[in-house]
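Asker: Right, I'll just put the structure down here and ask away after.
The values are calculated or read from the model by the stated rules, or taken from the named source; none is laboratory data. Remember, predicted model here, so these are calculated numbers, not experimental data. Quick reminder, even Gly has a Cβ in these numbers, built from the backbone with ideal geometry, and neighbours come from all protein chains shown. To get the accessible areas, we keep the full protein, side chains included, count just its heavy atoms, and leave off ligands, DNA and RNA. Shrake-Rupley method; radii C 1.70, N 1.55, O 1.52, S 1.80 Å.
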Amino acid sequence: MYNNVEGLNCTNNNRTTQPKGFTNIMSVICSVCSQEIKNYYYLDFYKNPYCTTHAGQIPKCFSCGRIISQKTTRGAMLHKDGRAICNICRQTAVTHPQQAEQAANEVKKLLARITLDVTRHSIPDRLAAWDEMCDLNKCNYAERPIGLAVSTYSGNHRFMKEIIILSGLSRLHFSSVYAHEMSHAWMWLNHYPE
């Protein structure tokens, strides 16, 4: 989102105007450099304002999309593959098989309640690094996939080999990707056309 700071009275195009001689007590402060923003600025999804000079220069969290700064996220961790994960999302990051299994079981129960039940099928799931995910991405649906539902068939019988999710996502992000991949599994196992 791109805004302009000129004052307090909003107009239809998200620009604001300030009366002459007005002391700007409600000035917009950049979430990155903590300086007052005098002109145009951006907002991330969480409405954190930041200067146009930071656009494209400061990373956003791979999981939640927040602009990363000490003020907004208390910093971040950089993965070997280049993804940044903010310290807010890092608190719930799914990096171990036990965490993945616990989150996956919660998602399976939720999906079963809305009739996307695949619990009678034993579908292994696991975490993987981005380079492995890219190697396994045979259909090339995404340049850098974050989830894959790997399926196979023998004659008229369809099987799910496994669900693979990118390691290091926040629990919420992991769960949403897992639910997406499980919907592919449900469709495949219920003979939805390819």
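Asker: Against the longest principal axis of the chain, how steep is helix 97-113, in degrees 0 to 90 to the nearest 10, with axes from Cα atoms?
Answerer: For helix 97-113, the angle is close to 80 degrees.
Asker: When the Cα atoms of the range 27-141 are enclosed in a convex hull and the volume is divided per residue, what value in Å³ results?
Answerer: Cα-based convex hull of the range 27-141, divided per residue, equals 165 Å³.
Asker: Identify the residues of the range 167-194 with backbone N under 15 Å of a label point that sits 7 angstrom from the Cα of Thr92 along the Cα-to-Cβ direction, or state none.
Answerer: The answer is 168-179, whose backbone nitrogens lie closer than 15 Å to the label point.
Asker: Still on this model: Once you treat every alpha carbon in the range 151-194 as an equal point and sum by Debye, what is log10 I(q)/I(0) at q = 0.18, 0.20, 0.34 Å⁻¹?
Answerer: Ignoring solvent entirely, the Cα scatterers give -0.57, -0.66, -1.21.
Asker: Also, quick follow-up: Starting at the first residue of the range 166-174, write each ³J(HN,Hα) from the Karplus equation 6.51 cos²θ - 1.76 cosθ + 1.60 with θ = phi - 60°, in whole Hz, x for Gly and Pro.
Answerer: Once θ is set to phi - 60°, the couplings for the range 166-174 become 4, 6, x, 6, 4, 4, 4, 5, 4 Hz.
Asker: Here is a follow-up. Quick one: with all protein chains in place, what share of the accessible area of the chain is carbon or sulfur, to the nearest percent (1.4 Å probe)?
Answerer: Of all accessible area on the chain, carbon and sulfur atoms account for 52 percent.
Asker: What number does the chain give for Rg over Rh if you use C-alpha atoms and the Kirkwood radius?
Answerer: Rg/Rh: 1.13.
Asker: Another question, if that's okay. Give me the distance in nm between label points sitting 7 Å out from Cα along the Cα-to-Cβ direction at Ala142 and Phe159, one decimal.
Answerer: 2.7 nm
Asker: So for the chain, taking the charge dipole from beta-carbon charges (+1 Lys/Arg, -1 Asp/Glu), which of Cys89, His180, Tyr42 sits furthest toward the positive end?
Answerer: The one lying farthest along the dipole's positive direction is Tyr42.
Asker: Given a Förster distance of 30 Å, report the FRET efficiency between Gln57 and Glu132 from their Cβ-Cβ distance, rounded to the nearest 0.05.
Answerer: Efficiency computed from Cβ-Cβ geometry: 0.50.
Asker: For Asp135, what accessible area in Å² do you get when you roll a 1.4 Å probe over the heavy atoms of the protein chains, rounding to the nearest 10?
Answerer: 120 Å²
Asker: Not counting ligands, DNA or RNA, and with a 1.4 Å probe, what is Met182's accessible surface area in Å² rounded to the nearest 10?
Answerer: 10 Å²
Asker: Taking each pair of distinct Cα atoms in the range 29-81 once, what is the resulting Kirkwood hydrodynamic radius in Å?
Answerer: One decimal place: 11.3 Å for the Kirkwood radius.
Asker: With +1 on each Lys and Arg Cβ and -1 on each Asp and Glu Cβ, how big is the dipole of the range 50-194 about its Cα centre, in debye rounded to the nearest 20?
Answerer: Dipole of the range 50-194, to the nearest 20 debye: 540 debye.
Asker: What is the sum of charges around Trp186, taking Lys and Arg as +1, Asp and Glu as -1, for the other residues whose C-beta is under 13 Å from the C-beta of Trp186?
Answerer: Net charge in that neighbourhood comes out at +1.
Asker: For the range 130-194 and the range 22-77, what is the separation of their Cα centres, given in Å?
Answerer: One Cα centre to the other: 35 Å.
Asker: Now for a different question. With every protein chain kept in the model, how would you rank Arg83, Arg126, Arg120 by accessible area, 1.4 Å probe, largest at the top?
Answerer: I get Arg120, Arg126, Arg83, largest accessible area first.
Asker: Turning to a different aspect of this structure: Helix-only mean residue ellipticity at 222 nm, the chain, DSSP H runs n ≥ 4 weighted -39,500 (n - 2.57), per residue, nearest 500. What is it?
Answerer: -8000 deg cm²/dmol
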